[in-house]
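Novice: Have a look at this one.
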Amino acid sequence: MVLVDGECQTANGGPIESCCCLGYRNTYFNTKSSGVYTIDNFGGVKCSNTRVYCDTISGGGGWLVIQRRKDGSVDFNKDWKNYEDGFGALTGEFWFGLRGIHSITSKGQWELRIDYKYTNGTEGYLSYSNFKVGPATEQYPLTISGFTGITTDPITGSHSLNRMKFTTRDRDGDMSRQHNCAVSGHDGNNSGGWWYRSCTHFAPNNQYTDRYTVWLNGEVHQFQFVELKIRPIDCIM
């Protein structure tokens, strides 16, 4: 399948051009389910095929999932190399990899959606119309803006993560003067890489235990599920 003039076309059952082919508003492939697909010419590199997880349902579909937490089966307390390369299983918990996210978002304009579910069953999402990750030489800085949603903005609000460098347990890039936020945060529970500013704000790669907590709406909540996904701003025709 490839994208031709905004329409998906079959190509001997081969890889897809992008997850945009699989949005439910696409009349040809509107029965395609969310799942693992192969993207051809990934990141604009000819003949480079990469396996990805596409969300075909949320907000019109067409999303490439870059992170998922749901049961604590994968340890997110990883070093820089793991966060750069990616880890986990696409059908379970995983981190897509900074190198891949940079490769994708360095071309065109991308939006970010964050779906979440509290342990009490409450569901919601956060949306940002501008999302990009910079190069490795600058420690993969985050560019993010354009928040929409019914909650308090946890990423670009008063303690904005915009322009923050990525931090892991072995490479500190946050603005905390006391310690590395990927090692120990506000509750001693931060142990995953993220674009930290300080250690008391939204960080969905926290350690997943019976107290998997994430800062949202000005307070700490217990989360059961978090999923980050991106798509081109002009994906849905």
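Novice: Mind checking which residues of the stretch 64-81 are touching a Ser or Thr at 6+ places or on another chain (Cβ under 8 Å) and surrounded by 16 or more Cβ atoms within 10 Å (Cβ to Cβ)?
Specialist: Scanning the stretch 64-81 gives Leu64, Phe76, Asn77, Lys78, Trp80.
Novice: Right, something else. Only residues that are under 17 Å from Val65 (Cα atoms) and either in contact (Cβ under 8 Å) with a residue 60 or more places away in the chain or loosely packed, with under 14 Cβ neighbours inside 10 Å (or both): list them for the stretch 107-125, please.
Specialist: Selection gives Gln109, Trp110, Glu111, Leu112, Arg113, Ile114, Asp115, Tyr116, Lys117, Tyr125.
Novice: Right, something else. State the number of residues belonging to the stretch 153-189 that are modelled with pLDDT under 85 and of a type in the set (A, V, I, L, M).
Specialist: Here the count works out to 1.
Novice: Could you look through the stretch 190-218, keep only residues that are among the hydroxyl-bearing types (Ser, Thr, Tyr) and farther than 19 Å from Thr151 by Cβ, and pick out the one that is modelled with the highest pLDDT?
Specialist: Tyr196
Novice: When you check Gly44 against the structure, is it modelled with pLDDT under 60, closer than 29 Å to Pro135 by Cβ and either of a type in the set (Gly, Ala, Ser) or exposed (fewer than 13 other Cβ atoms within 10 Å of the Cβ) (or both), yes or no?
Specialist: yes
Novice: Can you name the residue in the stretch 47-64 that is part of a helix (DSSP H, G or I) and at positive phi and, of all such residues, is modelled with the lowest pLDDT?
Specialist: Looking at the filtered set, the residue picked out is Gly60.
The values are calculated or read from the model by the stated rules, or taken from the named source; none is laboratory data. All values derive from a computational prediction rather than experimental measurement. Cβ: placed from backbone, ideal geometry, glycine included. Neighbour counts: every protein chain shown.
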